[in-house]
1. Could you work out the mean projected area of the convex hull around the alpha carbons of region 73-120, in square nanometres to one decimal?
2. Average projected area of the Cα convex hull of region 49-145, in nm²?
3. Below 8 Å between Cα atoms, with a sequence gap of 6+, how large is the relative contact order for region 1-121 in percent?
4. Lys7: which aspartates and glutamates have alpha carbons under 12 Å from its alpha carbon, excluding same-chain residues fewer than 8 sequence positions away?
5. Which of the aspartates and glutamates could a cross-linker span from Lys81 if the Cα-Cα distance has to be under 16 Å and same-chain partners fewer than 8 positions apart are dropped?
6. For Lys163, go through the aspartates and glutamates and keep the ones whose alpha-carbon is under 16 Å away, minus same-chain ones fewer than eight residues off.
7. Can you match Rg and Dmax of the Cα atoms in Å to one of these, (i) 20.0, 72; (ii) 16.4, 58; (iii) 15.1, 42, based on a calculation from the structure here?
8. How would you rank 77-89, 148-160, 43-55, 128-140, highest first, on the average number of other Cβ atoms within 10 Å across their residues?
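No lab work stands behind these numbers, since they all come straight from the coordinates. In this text the structure is predicted, and so the values were computed from the model without any measurement. Here the Cβ is made from the backbone with ideal geometry for all residues, glycine too, and neighbour counts use every protein chain on show.
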Amino acid sequence: MSFPETKFGQVLEVLSRSEIRFIVVGGLAAMAHGNARSTYDVDVVYSRERENIRKLANVIGQYQPYLRGAPPGLPFKWDEKTIRTGLNFTLTTLLGDLDLLGEVTGAGTYEQLLPHSVEMVLFGVACRCATLERLIQMKRAAGRPKDMLVVAELVALLEERRKLERGEST
């Protein structure tokens, strides 16, 4: 199944307009904090509350979600039961690649991450993003080589931000 490149703004708009409770994490959140690396998908931690799962099933279901990397023709039904019995989903949709994470290493669930998030405007959409400090923690906890490369850049961004907050010149 082949879909277009990820339409970041449209993904965020659809989630936000539908009042889905989510927090942006991963590469997109890193970019929002100033990281220069590109990303190809939208990673969000979503609330596992029943009403939020219902909204996710209905809204994302409109965009032909399919498990990314799964062979074509594999039976896959996107509905509330699938979301409730699963946790983390790497999807390809008509809007592009979307990772829906019920829990993420280094940050936990939506409710655990919420106090470590800030409101930001991404692609013209107001939404919550993990803080820079929490992103660093998540990347370190994931421990993948690609994440460790990003950690150094995120730490440098954090140090620069702290210098500016203290009024120090760079």
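1. Average of the hull's projected areas for region 73-120 equals 5.0 nm².
2. With the hull built on Cα positions only, its mean projection is 7.5 nm².
3. It rounds to 31 percent for region 1-121.
4. Excluding near neighbours in sequence, the set is Asp41, Asp97.
5. Glu49, Glu51
6. Correct list for Lys163: Glu133, Glu153.
7. (ii)
8. Packing proxy ranking, top to bottom: 128-140, 43-55, 148-160, 77-89.
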